[in-house]
Amino acid sequence: MALLVQKYGGTSVGSLERIRVVAQRIAAARDQGHQVVAVVSAMAGETNRLFALGQSLEERPNPREMDALVSTGEQVSSALLSIALQTLKTPARSLIGHQLRLLTDGVFSKARILAIDVRALHQVLQAGQVPVVAGFQGLDEEGNITTLGRGGTDTTAVAVAAAIGADACEIYTDVEGVFTADPNICKNACKVARISYEEMLELASLGAKVLQIRSVEVAMKFGVPIHVRSSFTERDGTWVGAETRELESVVVAGVASDKNEVKLTIRSLPDEPGISAKIFKQLAQANVCVDMIIQNVSLQGTTDLTFTAGKGDVAQARQLAISLAHQVGAGEVVVDSAVVKVSIVGLGMRSHAGVAARMFELLAREGINIQAISTSEIKVSCLIHERYAELAVRTLHDGFGLAEQAPARNGL
Ligand code: ASP
Ligand code: MG
């Protein structure tokens, strides 16, 4: 008998029919003797619809009101799932942000969880009911409704699992787990049975959309085992957990591509101490998340500085870069959005030499030019022209033998 948090994503609760199926799954888990806390997303497409509603009145609507608006999608699905459970004679009770008392900071649209008061959850569990938590939302200290960023229900689920010491956090989604590459791009991509938090964190940061990044950070911090699986089958999905010897022996676990970045270059920047500090401080103050940064060698006291930022931040980043360039007497600012970042991720990179070189060689063989490179202990990323996105993913997937390797890792 286990205490399980089960998170159901938008497609899993996308229609009344599917909500009934989810209710049956929860009832079945209870019949097996498990205690279940359900956490739900809004019905598929609903959050987008709500965003569009707000934006049709005003291009940049008030963030507080937008959070109040978009959080309602989860209120609907949590109530519907509770009703569906009750029709199966499974007692259930919906809990939205303030009822769960999920406290966040006050940063609308990307709030961070500060604490969860577990009393409400325990009360519902002790009464033999299934708590059906509305994901994605919380409350700040002033009582405002906040939301946790797109995909935030994953983070609600993992945080709830950590707070109540659940045995596992099951993330039910429309894919069967984490794959060695996007199966839509790579026909021979395989499902991975186990992956470490660190690898998952890199993959999520690189645009693999199965889990919100924050949820993996929270899971890693509190040691919550995550099971990513499909709500349409009974098959096991991918377990995300602490690293093991076995996981460490795999050099490349997955290939990812991310089209969400834009490259900005500030030309002829004075090469003096303090210039980078000034630029990146202002970008940070404007909440622009910068990813790759490259500075060229200086020629006659000036240098070119290139960095990448998310597509959503590019207008702001560009404006800031132009005004900074003006202030410090730099040249023009060039924006290039026809780029994609392809990356390889794997724990084994720590102990194997030549992995980056092999990646560059594979790309070169296809005539793909590399515009920027960044690395971490377990990741190598290359920025390339977007035209080569799919070719690069397939080339790297095959070049590192991922199709053959995954089953070994799966222990099949
Ligand atoms: N409904 C929210 C979204 O679409 C949160 C979630 O589904 O995780 O981003
Ligand atoms: Mg999601």
> Which ones in the stretch 298-324 are under 22 Å from the mean Cα position of the chain (by Cα), at pLDDT below 95 and among the β-branched types (Val, Ile, Thr)?
Replying inline: VAL314
> Which of the following residues is surrounded by 14 or more Cβ atoms within 10 Å (Cβ to Cβ), over 25 Å from the mean Cα position of the chain (by Cα) and polar (S, T, N, Q): GLN295, GLN327?
Replying inline: GLN295
>> For the stretch 162-177, give me the residue count where each residue is assigned to a strand (DSSP E or B) and within 16 Å of ligand 2 (Cβ to nearest atom).
In response: 5
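Give, as residue ranges, the helices (runs of 4 or more DSSP H) completely inside the stretch 189-256 that count at least 3 residues that are modelled with pLDDT of 95 or more, under 23 Å from THR153 (Cα atoms) and touching a Ser or Thr at 6+ places or on another chain (Cβ under 9 Å).
Ranges flagged: 213-222.
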> With the stretch 321-412 as the region, which strands (runs of 3 or more DSSP E) entirely inside it contain at least 2 residues that are not hydrophobic (A, V, I, L, M, F, W, C)?
Replying inline: 339-345, 372-376, 379-385
>> Looking at the stretch 232-245, can you tell me whether even one residue there is of a type in the set (Gly, Ala, Ser), within 15 Å of ligand 1 (Cβ to nearest atom) and buried (at least 18 other Cβ atoms within 10 Å of the Cβ)?
In response: no
>> Show me the strands (runs of 3 or more DSSP E) found entirely inside the stretch 1-115 where at least 1 residues are closer than 19 Å to SER215 by Cα and either away from ligand 2 (no atom under 16 Å from the Cβ) or touching a Gly at 6+ places or on another chain (Cβ under 6 Å) (or both).
In response: 3-8, 35-40, 102-104
> Which of the residues that make up the stretch 124-158 are in contact (Cβ under 8 Å) with a residue 12 or more places away in the chain, away from ligand 2 (no atom under 16 Å from the Cβ), out of contact with any His (no Cβ under 8 Å at 6 or more places or on another chain) and not in a loop (DSSP other than H, G, I, E, B)?
Replying inline: VAL124, LEU125, VAL130, PRO131, VAL132, GLY138, THR146
>> Cβ-Cβ distance below 8 Å, separation of 6 or more or different chains: which pairs start in the stretch 64-87 with a residue that is of a type in the set (Asp, Glu) and end on one that is in a helix (DSSP H, G or I) and away from ligand 1 (no atom under 11 Å from the Cβ)?
In response: GLU65/GLY54
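The values are calculated or read from the model by the stated rules, or taken from the named source; none is laboratory data. Since we're looking at a predicted model, the values are computed, not measured. All Cβ positions, glycine included, derive from the backbone under ideal geometry; neighbour counts span all protein chains shown.
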